[in-house]
1. Just reorder Asp33, Asp110 by solvent-accessible area, largest first, 1.4 Å probe, all chains present.
2. May I ask for log10 I(q)/I(0) of the stretch 49-124 at q = 0.17, 0.20 Å⁻¹, from a Debye sum over the Cα atoms as equal point scatterers with solvent left out?
3. Could you check the simple spin-label distance between Asp33 and Leu77, using points 7 Å along Cα→Cβ, in nm with one decimal?
4. At 0.36 nm per residue, minus the direct Cα-Cα distance, what do Val41 and Ala116 gain on full extension? Give it in nm, one decimal, please.
5. Need one number: nm distance between label points at Glu103 and Ile58, each 7 Å from Cα along Cα→Cβ, rounded to one decimal.
6. From the C-alpha coordinates alone, can you work out the Kirkwood hydrodynamic radius of the stretch 36-80, in Å?
Amino acid sequence: MTSSDERWLDEQAGPVVRPYVVTSGRMQPIRGDFDLISLVVATGPAPTGEIGLGPEHIAIIRLCQNLMSVAEITGYLDLPAGTVRVLLGDLLDRGFVMVQEPEPEFDMQDHRLYEAVINGLRAL
């Protein structure tokens, strides 16, 4: 085994799987926008033998038996946020999870907000 092969192995876990392999190369979720503070909850128990679901999908369903943020899921699975978003999109599309997106604290279309920012900058 060469030194380059060794860095892709973990003695306890075995070969390391790259995140893009987990998502089949997809970089965007097929459904949903997932902010890091979006809350996710499973709609039922983790299925057994469901076609098209990988171990990471099942792990997310198990984690989300209780309400959990996307950031927490990312931390527990030790996967990049982009990868978790793609997996969550799969689960949302198939009805295995529900997502509550954060409510914006202010209306981005309200011109008064922009005027207040400009006035504040001018005051500096």
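1. Details: Asp33 125, Asp110 45 Å².
Descending accessible area places them as Asp33, Asp110.
2. -0.69, -0.83
3. 2.1
4. Values: separation 75, 0.36 × 75 = 27.00 nm, distance 3.77 nm.
Taking Val41 through Ala116 to full extension adds about 23.2 nm, to one decimal.
5. Placing both labels 7 Å beyond Cα along the Cβ direction yields 3.8 nm.
6. Numbers: mean 1/r = 0.0926 Å⁻¹.
It works out to 10.8 Å.
The values are calculated or read from the model by the stated rules, or taken from the named source; none is laboratory data. Everything numeric here is computed off the predicted structure, so don't read it as measured data. Virtual Cβ from ideal backbone geometry, glycine too; neighbours counted across all protein chains shown. Calculation scope for accessible area: heavy atoms of the full protein, side chains included, ligands and nucleic acids excluded. Shrake-Rupley method; radii C 1.70, N 1.55, O 1.52, S 1.80 Å.
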